[in-house]
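Notes to accompany the following structure.
The values are calculated or read from the model by the stated rules, or taken from the named source; none is laboratory data. Because the structure is a prediction, the values reported are computed rather than measured. Ideal geometry is used to build each Cβ from the backbone, glycine not excepted, and the neighbour counts take in all protein chains shown.
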Amino acid sequence: MRSKIGFAAALALTGLIAGCDLSALFDTGNGCTGDFTVTVGTGLTPEFTWDGNSAGLSVTKFPETSERQWTLGMLTTPFNPPVTYGTVPAGAMESEGAAKALVAGTQYAITITGGDGSKASCQTFTP
C-alpha cells in the first residue's frame, strides 16, 4: 500500500516537472545541458543511467517538450538508476499513466530531476 505522504510527494513532483520551466536545460547546440550526465541505451525500451538518485524522470518528444511520453515521481525516497523505459523502478510511481510506445526515428528528451530537487539534467535521444 502506498503512503499518502508518498503519493502527495509524487503529485508534487509531477507538478514540479510539469510546471517548471526546464527550457534552460535545452540549447540549440547539443539539445540538452545540465548538472550531471544522463546516458541513454538503444532500442525502443532504452535503459537510462545517471549519477546519483532521482526525484523525477520525464520523457518527452523533442523539441515539443510539453508532449510527455512517460513521467515518474518518487514515492517517499528518491529512486536509483538504471531505469528501463516503461518499467517502474522501486521507490517510484507513474504519475501520468503508463509509458507511451516510443517510435523509431522520432527524437525524444529525457529529463532527470536530482533526488534533492536542486539539480536537473537532460539528454536527447532517437530510438
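Checking ILE5, ILE17, ILE112 one by one, the residue that is assigned to a strand (DSSP E or B) and either among the hydrophobic types (A, V, I, L, M, F, W, C) or at pLDDT below 80 (or both) is ILE112 and no other. Please determine whether any residue of the stretch 64-72 is at pLDDT below 90, out of contact with any Cys (no Cβ under 8 Å at 6 or more places or on another chain), of a type in the set (A, V, I, L, M, F, W, C) and crowded, with 16+ Cβ neighbours inside 10 Å. There is no residue in the stretch 64-72 that is at pLDDT below 90, out of contact with any Cys (no Cβ under 8 Å at 6 or more places or on another chain), of a type in the set (A, V, I, L, M, F, W, C) and crowded, with 16+ Cβ neighbours inside 10 Å.
Going through THR106, THR60, THR77, THR71 one at a time, which residue ends up being outside any loop (DSSP other than H, G, I, E, B), hydroxyl-bearing (Ser, Thr, Tyr) and either over 20 Å from THR42 (Cα atoms) or touching a Lys or Arg at 6+ places or on another chain (Cβ under 8 Å) (or both)?
Checking each option against the conditions leaves just THR60.
For the stretch 31-63, a residue qualifies if it is among the acidic types (Asp, Glu), in contact with a strand residue (DSSP E or B) (Cβ under 8 Å, 6 or more places away or on another chain) and modelled with pLDDT under 95, and exactly one does: ASP35.
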